[in-house]
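A.B. asks: Dumping the structure here so I can ask a few things about it.
Quick note: the coordinates plus some simple rules give every number you see, no bench work behind them. All figures in this text were calculated on a predicted structure; none of them were measured in a lab. Cβ sites come from the backbone with ideal geometry, for glycine too, and all protein chains shown count toward neighbours.
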Amino acid sequence: MKKIVAIRLRRREDGVIAFKETQHAEIIFSSYDKRDNAVKNLQEELCYRRGMAFSVDGCDLFWFVIDDQRSVEYYLAFNEVECVLSGEWLESAKAKIAGYSGFRYYDACAAWADDITLKDQQRKIDYNLSKYTRI
């Protein structure tokens, strides 16, 4: 199953360790917020209006599309992960607003943030990739 994962990393390249090497997940895209306008709009809503920080404990926010058999809930349990969207859900949600443009499109994407619970933005990430057995 494809998932869109917003994760805290010091470098985007560390996603290879977090997902591919440790989880054996296929990385389909990194920096997905730069490739997909709907995800970009969602990120802007979360960061500019809902209080999600771009950086937490020295770790920046990166969006990956991964494919593996693990559940959304599995990845949400990680401290480093801010949010996870099911690929099927995102494609369905985007199909519903495919004809929208401008502010209407942005507002529709921004409304998805209503269903995302933000984690504590002051938390410690405890970033040390060598210690991870899960991520």
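A.B. asks: Given a cut-off of under 8 Å on Cα pairs at least six residues apart, what relative contact order in percent is computed for the range 2-119?
C.D. replies: The value is 40 percent.
A.B. asks: Follow-up. For Glu88 and Tyr48, calculate 0.36 nm times their separation in residues minus their Cα-Cα distance, and state this gained length in nm to one decimal.
C.D. replies: Length gained between Glu88 and Tyr48: 11.8 nm.
A.B. asks: By counting other Cβ atoms within 10 Å of each Cβ, how are Met52, Met1 ranked from fewest to most?
C.D. replies: Ascending number of Cβ neighbours within 10 Å: Met1, Met52.
A.B. asks: I've got another one for you. Answer with a single label: of (1) 21.3; (2) 16.9; (3) 15.2, which was calculated as Kirkwood radius over Cα pairs in Å from the structure in view?
C.D. replies: (3)
A.B. asks: I would also like to ask the following. Between Ala111 and Lys40, what length in nm is gained on full extension when 0.36 nm per residue of separation is reduced by their alpha carbon distance?
C.D. replies: Taking Ala111 through Lys40 to full extension adds about 24.3 nm, to one decimal.
A.B. asks: Once every DSSP H run of n ≥ 4 in the chain is given -39500 (n - 2.57) and the sum is divided by its residues, what mean residue ellipticity at 222 nm do you get, rounded to the nearest 500 deg cm²/dmol?
C.D. replies: It lands at -6500 deg cm²/dmol.
A.B. asks: Right, something else. Using alpha carbons only, how many degrees (0 to 90, rounded to 10) separate the axis of helix 102-111 from the longest principal axis of the chain?
C.D. replies: In the chain, helix 102-111 runs at an angle near 50 degrees to the longest axis.
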